[in-house]
Amino acid sequence: MTIRMGGIFGFRFDIDSEKCLRDGVPNIIRIGRKTGARFTFFASMGRAVSIPHMFMNSRTREGAGPDVKRLSALQKLGPLDFFKTAVFNPLIGARYAGILREAWEAGHEIALHGGKNHGSWAAAMPGWDRARIENEIDWAMDRLARAGIDGGITGFASPCWRDSPALYEVLRARGFKYTSNVASESEDAVSLLHNLVSVPVNICGQPGRVAYIEHKRAQDMNDPEVLADFEMNLEKHAALAVAFEHPYYAGTRESGLLEKLLQKAADSGRRAVTLREIASGSG
């Protein structure tokens, strides 16, 4: 089943690190107020890295490969935050609950991005049984409730696009309405996946399903080149366009370019709406 849509645009931000939430999200909230855009923030409530998995070769992950153009974590985070993340590995959403509430109260969507640890989820989740996945998601949902965001959490995006049948069973049982686990340039419509609405990402770096601006900068593209590429993508995905980024990069070093991208979308008659609105057909 496919649900056709027209002229819809969404911008998805994955909160994967302390810097994402502490530094990036407040800037993106400001940009939202300035432009009228509404964003979806997929929040990791636990820790960023798994020490047992942190030295795993990223090429072993699904969708990655030697030809993937991406910036390193050190390039994006900077030396200090890279060191803090690797050594201290603080809680993300559970520690900066006030910023999540600020985004929520400003009209943006807060959705869930994994469970207790982004790194271990990315490395191992497909091998977990249903009980383990339930425990992870229940823990994260409890932290969202403690943050004052209780009710209205309907969306889920899996860290590093990881997938399993058991995950969808748990999401349906816990009342989630949609997922955003598909990233493909060929997807131009909302569909159904395992009896949940699937909102695809179709503006991102390929191969490897990496964040859009990060990918273009890794290709040494300047602002005019990125804007031209973005306009081409909007035209290509005339019915539904969904872009993917991380706040710790797009919301800090690239906040100016992010505003330009939103203006480019506005010039084409599109204002960013949440993925929840897209999933419900009210975008």
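If the chain between SER186 and THR35 were fully stretched, how many nm would it gain, using 0.36 nm times the residue separation less the Cα-Cα distance?
Computed gain between SER186 and THR35 is 51.5 nm.
Based on the mean of other Cβ atoms within 10 Å per residue, sort peptides 154-160, 228-234 so the most packed one is first.
154-160, 228-234
What list of ³J(HN,Hα) couplings, whole Hz, do you get for the stretch 202-219 from phi and the Karplus terms 6.51, -1.76, 1.60, once you set θ to phi - 60° and write x for glycine and proline?
Karplus values, whole Hz, x for Gly and Pro: 10, 10, 7, x, 10, x, x, 6, 9, 4, 4, 4, 4, 5, 5, 5, 5, 8.
Could you compute the FRET efficiency for ASP220 and ASP150, with r as their C-beta to C-beta distance and R0 at 45 Å, rounded to 0.05?
E between ASP220 and ASP150, to the nearest 0.05, is 0.50.
Going 7 Å from the Cα of ASP138 toward and past its Cβ, which residues in the stretch 170-196 have a backbone nitrogen under 17 Å from where you end up?
Label zone hits: 170-176.
Taken together, the values in this text are just the output of simple stated rules run on the coordinates, not laboratory data. For clarity, every value in this text was computed on a predicted model and none was experimentally measured. Positions of Cβ are backbone-derived with ideal geometry, glycine not excepted, and every protein chain shown enters the neighbour counts.
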